[in-house]
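Student: Before I ask anything, here is the structure I am working with.
The values are calculated or read from the model by the stated rules, or taken from the named source; none is laboratory data. These figures come from a predicted structure and were not determined experimentally. Don't worry about glycine lacking a Cβ; one is built from the backbone with ideal geometry, like all the others, and counts go over all protein chains shown.
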Amino acid sequence: MFGKKKPIPQIDKEQLQLIENAQRRIKQKKRLYFHFVIFLIGAIFLIILNTVLGVGEMTKIFGIDWFVFAILAWLFLFVFHLFNVFITHKFMGKDWEEAQLTKLVAKQKARIESLQAEVEKMHPVTTPSVTASPVTAPVTPEKKTKVHKNLTLIVAAGENDAIGKDNKLIWHLSDDLKRFKTLTSDHCIIMGRKTFETFPKPLPNRTHIVITRQPNYSVPDGVIVVHNLEDALDAARNDVQPFIIGGGEIYRQAMPYADKIELTRVHENFVADTFFPKIDTSEWVETENKFHQKDDKHPHSFSFITYQRR
Ligand SMILES: NC(=O)c1ccc[n+]([C@@H]2O[C@H](COP(=O)([O-])OP(=O)(O)OC[C@H]3O[C@@H](n4cnc5c(N)ncnc54)[C@H](OP(=O)(O)O)[C@@H]3O)[C@@H](O)[C@H]2O)c1
């Protein structure tokens, strides 16, 4: 159902900044060059003014003609200009500021990571054993609070949990697509960057929230880009039923937060490179199941199955 998204031409922000910096440097050096030429002409003019035209012939400081001091003062200004362009701007200019900022951010990140590691060490998250009795292995309060009410995973998966191959869906089932549209319309749909790129354009009447690690990922107007699942859930907080629409990576990460699964189980095994995580029936209970026969429009039989978290 999804074609290839056309690449959006763009100049990388970093490249743009490099070009602007280079242009600024060229201007600074040009101004320095003009200053040097004017200084040379000015110095010759001052010498002619004094020695040839006799202006201030009698004015001497410590027995030295005034033009010598005038030229020295100008030379001092020129050297100051030179210093500014080649030393100050080079070492304390925009590039330098950015390098300092990057270092500072990296330091803060390292500090946050080490604090997180300390917290995890002090409060390790324990996974309850499946074989243990409910009394000895209750669902931890932490796990409970993680679940978002009505957060729904919606997926079509083969009997072997296959969901995609070569960044494409494996089948075309028109009634499944209709159901997807009915259920997700007017809601937030949260997806990984790869799934988003399978759409030729954003789907109508839905708020797209795309998760990527790329800092400057470009999207059409109205599409929300976030850099982790927590931010995606936060962006969808005002929706009564946000949907996680895939793909494999995002289903895996979102499953512990989800409250509901709308699964279309396609009754066949498929060769695939992307899979839906196993549905653990100790955590999930089937609440609806509707079988759909194979027909002209549907090359495989399938069932619409709803699971609720226990
Ligand atoms: N059958 C179905 O119902 C169904 C539904 C949806 C998709 N699919 C299929 O699934 C396949 C795509 O799934 P996939 O697992 O390859 O990719 P995906 O989950 O759609 O996207 C993976 C991308 O999401 C971003 N991402 C993942 N975790 C992240 C995190 N914690 N923080 C920030 N960014 C994160 C990364 O993007 P960056 O690389 O940009 O950082 C990563 O490469 C396709 O074949 C598609 O057709 C099937």
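Student: With (1) more than 7 Å from the ligand (Cβ to nearest atom); (2) hydroxyl-bearing (Ser, Thr, Tyr); (3) closer than 23 Å to GLN253 by Cβ as the list, and SER174 as the residue in question, which single condition is left unmet?
Tutor: Among (1) more than 7 Å from the ligand (Cβ to nearest atom); (2) hydroxyl-bearing (Ser, Thr, Tyr); (3) closer than 23 Å to GLN253 by Cβ, SER174 violates only (3).
Student: If you don't mind, another one. Taking HIS227 as the residue in question, decide whether it is surrounded by 13 or more Cβ atoms within 10 Å (Cβ to Cβ) and touching an Asp or Glu at 6+ places or on another chain (Cβ under 6 Å).
Tutor: So HIS227 does not fit the description; no.
Residues are listed down the side, and each one gets a yes or a no for (1) farther than 19 Å from ARG206 by Cβ; (2) surrounded by 12 or more Cβ atoms within 10 Å (Cβ to Cβ); (3) more than 9 Å from the ligand (Cβ to nearest atom):
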site: VAL223; (1), (2), (3): no, yes, yes
site: GLY247; (1), (2), (3): no, yes, no
site: TYR257; (1), (2), (3): yes, yes, yes
site: TRP284; (1), (2), (3): yes, yes, yes
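Student: Quick one: which helices (runs of 4 or more DSSP H) sit completely within region 17-133 and have at least 1 residues that are among the β-branched types (Val, Ile, Thr) and modelled with pLDDT of 85 or more? So that I can check it myself, show each step before the final result.
Tutor: Details: elements: 66-83, 89-92, 94-122.
Fully inside region 17-133 and qualifying: 66-83.
Student: Something else now. For region 185-212, how many residues meet the condition of being more than 12 Å from the ligand (Cβ to nearest atom), in contact (Cβ under 8 Å) with a residue 24 or more places away in the chain and within 21 Å of MET255 (Cβ to Cβ)?
Tutor: Residues in region 185-212 being more than 12 Å from the ligand (Cβ to nearest atom), in contact (Cβ under 8 Å) with a residue 24 or more places away in the chain and within 21 Å of MET255 (Cβ to Cβ): 2 in total.
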